[in-house]
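Okay, structure first, notes after.
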Amino acid sequence: MNTVKTVLELRAAVARARGEGKRIAFVPTMGNLHEGHVALVEKAGQRADFVVASIFVNPLQFGPNEDLAKYPRTLAADQDKLVAAGCHLLFHPDVEEMYPHGQEGQTRVGVPGVSEGLCGASRPGHFEGVATVVTKLFNMVQPDLAVFGEKDFQQLAVIRTLVRDLNMPVQIIGEPTVRAEDGLALSSRNGYLSTEQRAQAPALHRTLQQLAEAIRNGDRQFAQLIERGQASLASAGFRPDYLEIREALSLRPAQADDTQLVILGAAFMGNTRLIDNLTLEL
Ligand code: PAF
């Protein structure tokens, strides 16, 4: 696997692969890779001949009080994991390469509707930062397809909408969340948890499962279900950020006769904000 730091080198390497008739897959990441990322790269390898990954901790998608500075940077270990997963090319630009004219006046991409509410409400500007960097990365790599994790359910909806609305010729593939044995969704931020917090953290997934079970059993009193869910999160030591039941395709608030639902939760364990979701077909 070759690691390149500039757009020029990236474009040359992708052009070579294209010249050989290869189909290009892309997996954008912020590094600190875990098995969830590995699954994305492996899926990319099943769908294409040449897999490009990126590692870039994108400052544009972090709020002023968020964890940009302490976000783990683990390049050497990440490179080993990418090689083992079958990645062919790693793009690892620095901030100046991605934003050579600074971040202030940078053209930004907004995706109204799906970006609003949920994480969009708790993290103002976050999805604009994500949509902007993903647009730039897509223009740099020009992949045939790109793979994203379903753990960031709203992010995936934002990217699908972005690609549809701006006619980007990229197929978007969602890959199911990879979980630890106790159900906790794998996330780079799990590394911030103390041993005790880590032991409590699966309660987020358990709460989503309890809500899903109640809905499957016919309960459609969504407001009451959410109240119960919030209480169960709080009793497990979480400070709930949001817990919502939405229609899975549009992300609008769920109605009693919807058949495709998603339950989305975000909650703080200490200072660490964890997110998770569960989809339900009724
Ligand atoms: O999901 C992530 O890791 C990031 O939001 C992404 C898509 C790589 C954009 O920076």
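Readers should treat all values here as calculations from the given coordinates under stated rules, not as data from a laboratory. On a predicted model such as this, the values are computed, not experimentally measured, just so you know. Glycine gets a Cβ as well: all are built from the backbone with ideal geometry, and neighbour counts include every protein chain shown.
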Tally of residues being within 14 Å of the ligand (Cβ to nearest atom) and in contact with a strand residue (DSSP E or B) (Cβ under 8 Å, 6 or more places away or on another chain) across the range 165-189: 11
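Every residue, every condition in (1) buried (at least 16 other Cβ atoms within 10 Å of the Cβ); (2) more than 19 Å from residue 152 (Cα to Cα); (3) touching a residue at least 12 places away in the same chain (Cβ under 8 Å); (4) of a type in the set (Asp, Glu), yes or no:
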site: 171; (1), (2), (3), (4): no, no, yes, no
site: 176; (1), (2), (3), (4): no, no, yes, no
site: 179; (1), (2), (3), (4): yes, no, yes, no
site: 190; (1), (2), (3), (4): yes, no, yes, no
site: 212; (1), (2), (3), (4): yes, no, yes, no
site: 223; (1), (2), (3), (4): no, yes, no, no
site: 230; (1), (2), (3), (4): yes, yes, yes, no
Residues within the range 1-18 that are part of a helix (DSSP H, G or I) and farther than 21 Å from residue 129 by Cβ, tallied: 10
Criterion (in contact (Cβ under 8 Å) with a residue 12 or more places away in the chain and either of a type in the set (A, V, I, L, M, F, W, C) or in contact with a helix residue (DSSP H, G or I) (Cβ under 9 Å, 6 or more places away or on another chain) (or both)) met by exactly one of 249, 282: 282
Residue that is surrounded by the most Cβ atoms within 10 Å (Cβ to Cβ), among those in the range 22-32 that are near the ligand (Cβ under 10 Å from one of its atoms) and either under 14 Å from residue 86 (Cβ atoms) or not polar (S, T, N, Q) (or both): 27
Residue count, the range 127-164 (criterion: more than 8 Å from the ligand (Cβ to nearest atom) and assigned to a helix (DSSP H, G or I)): 20
Among (1) free of Cβ contacts under 8 Å to residues at least 40 places away in the same chain; (2) surrounded by 15 or more Cβ atoms within 10 Å (Cβ to Cβ); (3) away from the ligand (no atom under 14 Å from the Cβ) - the single one residue 96 does not satisfy: (2)
Complete set of residues in the range 112-139 that are buried (at least 21 other Cβ atoms within 10 Å of the Cβ) and among the aliphatic types (A, V, I, L, M): 114, 118, 130, 131, 133, 134, 137
Any pair with Cβ under 9 angstrom, 6 or more apart, that starts in the range 135-152 at a residue that is aromatic (Phe, Trp, Tyr) and ends at one that is in a loop (DSSP other than H, G, I, E, B): 138/168; 138/170
Single condition residue 57 does not satisfy, out of (1) more than 13 Å from the ligand (Cβ to nearest atom); (2) closer than 23 Å to residue 7 by Cβ; (3) buried (at least 17 other Cβ atoms within 10 Å of the Cβ); (4) aliphatic (A, V, I, L, M): (1)
The range 19-50, residues that are in contact (Cβ under 8 Å) with a residue 24 or more places away in the chain and in a helix (DSSP H, G or I): 35, 36, 37, 38, 39, 40, 41, 42, 43, 44, 45, 47
